[in-house]
Amino acid sequence: MKKKYLLIISLITFATAGFGYASSLTVESDKQEFKDNESKIYLEGNVKVKTGDIDVLSPRAVVEVDPKSNKVNKVQFKENAYSYQMQDGKKHEIKAQILEMSLLNKVFKADGNTISSITEKDKPLVIVTADRQEYYKNANVMKAFGSVNILYKDIETFSEQAIVDLNENNDVKKIQLIGNAKLNQDKSVIHAKKLTYDNIKEEAVALGDVYTDVRTEDNKKIEVWSDFQSYDKKANVVTASGSTKIKYEDYLATGPKVNVYPDKKTKKLNEAVFVGRSKIETKGRTIEADRIAITMNPKDFKAEGNVKSVIPNIGNMK
């Protein structure tokens, strides 16, 4: 039977994933090697580190000690590391090839096939997968890099990078997606260069080459292109501006700005209103006006203000 070594190191204030008060670092492993010339402790076999209510497990780890203060500066866990914490009835978990706890600046880093999650009563609240993740306790911010996928409530997102702002209870306040951003929600899809979802306001804001696919009551597609778009979930209203274009069946409308409103009864998006000089094309006709309102059910449109229509191919005039 292998002998397990136990090391207890006193720490100054340490915080990560919601933990923030003076405590001790307890380290267990099959083997521990102290190298004073490197100011490091090498741990091998069934490594378990505990500080407060946080537990980290891995096959190997390295503890770095500040030679001046003799305090632990950083702990790096290698090969399929796993961290978990119970807080306010919620379980916080992180899995990665490498986990690193930086105690002085209170940063938790995960690298290589990372998965982090928060569950409550065995129900996932948030799941984040990425190539790399970082958590900054002082700022209550989590950052993810590389093939980022986030599952949160009824939202699923994809992006090259993500920044998640949290409150003191680690509840999500805001999600920012950067680079090839995509958000799926309620059969609707938003694509953009940058996308922000505000959980407090329940509002999504998209910037740069924005494309949205939203659905009507009978599941027909409304496509919206623009430079800027926002979606207010509470009001169920989409606002788009900057080179705006909407396609619905054989309707193709363009203009500087459009608002898409829900039907009062069904609460599904059903009316698109263009303001400013706009144009709609359908069945070979082109209509320009200062205001164009399109309804999906019943399918119709109305043009108002300096209306100009072009109807081609009406035959030869002699």
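The values are calculated or read from the model by the stated rules, or taken from the named source; none is laboratory data. All of these numbers come straight from a predicted model, not from anything done at the bench. All Cβ positions, glycine included, derive from the backbone under ideal geometry; neighbour counts span all protein chains shown.
Here are the numbers:
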read-out: Identity of the residue in the stretch 72-96, touching a residue at least 40 places away in the same chain (Cβ under 8 Å) and farther than 21 Å from Leu25 by Cα, that ends up surrounded by the fewest Cβ atoms within 10 Å (Cβ to Cβ); value: Asp88
read-out: Long-range neighbours under 7 Å by Cβ, at least six apart or interchain, first residue closer than 14 Å to Ser230 by Cβ within the stretch 175-196, second of a type in the set (Lys, Arg) and at pLDDT below 90; value: Ser188/Arg215
read-out: Only listed residue being under 18 Å from the mean Cα position of the chain (by Cα) and of a type in the set (Phe, Trp, Tyr), chosen from Tyr231, Tyr248; value: Tyr231
read-out: Contacts under 6 angstrom Cβ, first residue in the stretch 97-110 being more than 14 Å from Val49 (Cα to Cα), partner part of a loop (DSSP other than H, G, I, E, B), 6 or more apart; value: Lys106/Lys137; Lys106/Asn138
read-out: Any hit, the stretch 147-162, residues being closer than 17 Å to Tyr197 by Cβ and loosely packed, with under 15 Cβ neighbours inside 10 Å; value: yes
read-out: Qualifying position, being at positive phi and among the basic types (Lys, Arg), among Lys283, Lys279, Lys268, Lys264; value: Lys283
read-out: Members of the stretch 28-64 found to be assigned to a loop (DSSP other than H, G, I, E, B) and either on the phi > 0 side of the Ramachandran plot or among the aromatic types (Phe, Trp, Tyr) (or both), listed by number; value: Ser39, Gly52
read-out: Count of residues meeting criterion [part of a strand (DSSP E or B), acidic (Asp, Glu) and under 21 Å from Val126 (Cβ atoms)] in the stretch 70-99; value: 1
read-out: Some residue of the stretch 293-300 being more than 24 Å from Asp198 (Cβ to Cβ), of a type in the set (A, V, I, L, M) and at pLDDT 95 or above; value: yes
read-out: Test: residue in the stretch 159-166 that is under 30 Å from Met86 (Cβ atoms) and more than 9 Å from the chain's Cα centre (by Cα); value: yes
read-out: Residue identified as more than 25 Å from Tyr82 (Cβ to Cβ), in a loop (DSSP other than H, G, I, E, B) and not small (Gly, Ala, Ser) among Ile190, Ile222, Ile178, Ile200; value: Ile200
read-out: Qualifying positions in the stretch 151-175 - closer than 30 Å to Asp218 by Cβ and in a strand (DSSP E or B); value: Leu151, Tyr152, Ile155, Glu156, Thr157, Phe158
read-out: Selection status of Asp218, touching a residue at least 40 places away in the same chain (Cβ under 8 Å) and more than 16 Å from Ile190 (Cβ to Cβ); value: yes
read-out: Residue check for Pro67: part of a strand (DSSP E or B) and either modelled with pLDDT of 85 or more or surrounded by fewer than 17 Cβ atoms within 10 Å (Cβ to Cβ) (or both); value: no
read-out: Among the candidates Val205, Val214, residue that is part of a strand (DSSP E or B), farther than 28 Å from Pro298 by Cα and aliphatic (A, V, I, L, M); value: Val205
read-out: Identity of the residue in the stretch 109-133, buried (at least 19 other Cβ atoms within 10 Å of the Cβ) and touching a Phe, Trp or Tyr at 6+ places or on another chain (Cβ under 7 Å), that ends up nearest to Lys74 (Cα to Cα); value: Arg132
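Listed here are the residues, each with its yes/no results for (1) in a strand (DSSP E or B); (2) surrounded by fewer than 19 Cβ atoms within 10 Å (Cβ to Cβ); (3) of a type in the set (A, V, I, L, M).
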position: Lys234; (1), (2), (3): no, yes, no
position: Ala240; (1), (2), (3): yes, no, yes
position: Leu252; (1), (2), (3): yes, yes, yes
position: Lys267; (1), (2), (3): no, yes, no
position: Val275; (1), (2), (3): yes, yes, yes
position: Ile280; (1), (2), (3): yes, no, yes
